[in-house]
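Enquirer: Take a look at the following structure, please.
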Amino acid sequence: MSIHQLLTQAQTQNQMIIPPGWGQGRATYGGLVAGLLCSRLIATLGADGQNRVLRSATVSFIGAVAVGEIEFKTEIFRSGKSVTQAEARLIQNGEVLAVLLASFGSARDSEINVLPTHSAPACKQPDEIRALPYIAGMMPEFFQQTDIRWTHGAQPFSGAAHPDFGGWMRWRDQFSEMTVSHLFALIDAWPPSVLPMFKMVAPASSLCWTLEFLDIPSDKTSESWWLYQVKTDSAKAGYTHSEAHIWDEQGNLVAISRQTATIFA
């Protein structure tokens, strides 16, 4: 099943099946897990989910989600005049394996207006770069669903002296509206920031991931490109901490991603 089909299904059902083809090592792709939780939670919020923008969300990946049946449980903690705080849990075989804590907020009048200071890096356009090919056995299964164009930085497992990289991204699936859930699921397609420093293939996985959304343009589709750039803040004792910025094709900063990952190299 495609990303759009799965996210659409999560909007209407508290139970669904994770299909084959979305693997990431021994688990299901974390971006899909996050996107499904986001899609289910927005649907649960009803009018609030439509009228209030997702401002910030944190996902804790507690255990490996396998192919098969999953269940969602959602809870709205508080819905005030402008802000809603809510949670979604993914449950499989009676265990909570992922939790999404999200804050939604409607726009308010304010005299304070500070423009983003992070500008999109200068790089080649997507049509000037060859898409990364999927190599079975070397790349996670879900990578077949994405269109990734690497623009700068070394690639994973190349033994580079420095971490960090960036490039363009979009889904291969075709759909008419790029929702926040689609973007949420897409951003996690990039590997942990230190993987270029790995000298050989070794596992790494997200422990906790926070996304802050500054602006999600409403006119984007599956054809739209998004530019990603990650910077490593720290890597020691088997854990990495990184921050990434995401821009649209017009150079507007739309999201900030922070991730703590575990590495085994």
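The values are calculated or read from the model by the stated rules, or taken from the named source; none is laboratory data. Quantities reported herein were computed from a predicted structural model and do not represent experimental measurements. With ideal geometry, Cβ positions are generated from the backbone for all residues, glycine too; neighbour counts draw on all protein chains shown. Heavy atoms of the whole protein, side chains included, go into the accessibility calculation; ligands, DNA and RNA do not. Shrake-Rupley method; radii C 1.70, N 1.55, O 1.52, S 1.80 Å.
Enquirer: Which of the residues spanning the stretch 204-227 are within 16 Å of the chain's Cα centre (by Cα), among the acidic types (Asp, Glu) and modelled with pLDDT under 95?
Expert: If the condition is that a residue be within 16 Å of the chain's Cα centre (by Cα), among the acidic types (Asp, Glu) and modelled with pLDDT under 95, then 215 is the only one that fits.
Enquirer: Taking the conditions exactly as written (out of contact with any Asp or Glu (no Cβ under 8 Å at 6 or more places or on another chain) and modelled with pLDDT under 95), does residue 128 satisfy them or not?
Expert: Spelling it out, it is not the case that residue 128 is out of contact with any Asp or Glu (no Cβ under 8 Å at 6 or more places or on another chain) and modelled with pLDDT under 95.
Enquirer: Right, next: Out of (1) open to solvent by less than 10 Å² (accessible area, probe 1.4 Å); (2) out of contact with any strand residue (DSSP E or B) (no Cβ under 7 Å at 6 or more places or on another chain); (3) of a type in the set (A, V, I, L, M), what's the single condition that is false for residue 235?
Expert: Every condition holds for residue 235 apart from (1).
Enquirer: Between a residue in the stretch 32-45 that is hydroxyl-bearing (Ser, Thr, Tyr) and any residue that is surrounded by 24 or more Cβ atoms within 10 Å (Cβ to Cβ) and outside any helix (DSSP H, G or I), which pairs come within a Cβ distance under 9 Å, given they are 6 or more apart or on different chains?
Expert: Final answer for the pair search is 44/88.
Enquirer: Six or more apart or on different chains, Cβ atoms under 9 Å: show the pairs whose first residue is in the stretch 243-265 and over 21 Å from residue 127 (Cα atoms) and whose second is among the basic types (Lys, Arg) and not in a strand (DSSP E or B).
Expert: Final answer for the pair search is 265/199.
Enquirer: Also, I was wondering about something else. Take residue 39 and tell me if it is farther than 18 Å from residue 208 by Cβ and modelled with pLDDT under 95.
Expert: Answer is no for this residue.
Enquirer: For the stretch 166-208, which residues satisfy the criterion of being out of contact with any helix residue (DSSP H, G or I) (no Cβ under 6 Å at 6 or more places or on another chain), surrounded by 22 or more Cβ atoms within 10 Å (Cβ to Cβ) and of a type in the set (Phe, Trp, Tyr)?
Expert: Of everything in the stretch 166-208, just one residue is out of contact with any helix residue (DSSP H, G or I) (no Cβ under 6 Å at 6 or more places or on another chain), surrounded by 22 or more Cβ atoms within 10 Å (Cβ to Cβ) and of a type in the set (Phe, Trp, Tyr), namely 190.
Enquirer: Residue pairs, Cβ under 7 Å, 6 or more apart or interchain, first in the stretch 75-88 and of a type in the set (S, T, N, Q), second open to solvent by 20 Å² or more (accessible area, probe 1.4 Å) and not in a strand (DSSP E or B). List them.
Expert: From the stretch 75-88, the pairs are 79/48; 82/106; 82/108; 84/48; 84/52.
Enquirer: Right, something else. Among the residues of the stretch 209-220, which ones are polar (S, T, N, Q) and open to solvent by less than 40 Å² (accessible area, probe 1.4 Å)?
Expert: 210, the sole residue that qualifies.
Enquirer: Out of the strands (runs of 3 or more DSSP E) lying entirely within the stretch 50-162, which hold 3 or more residues that are open to solvent by less than 30 Å² (accessible area, probe 1.4 Å) and either in contact with a Phe, Trp or Tyr (Cβ under 6 Å, 6 or more places away or on another chain) or at negative phi (or both)?
Expert: In the stretch 50-162, 53-61, 83-92, 95-105, 146-152 are the strands (runs of 3 or more DSSP E) which contain 3 or more residues that are open to solvent by less than 30 Å² (accessible area, probe 1.4 Å) and either in contact with a Phe, Trp or Tyr (Cβ under 6 Å, 6 or more places away or on another chain) or at negative phi (or both).
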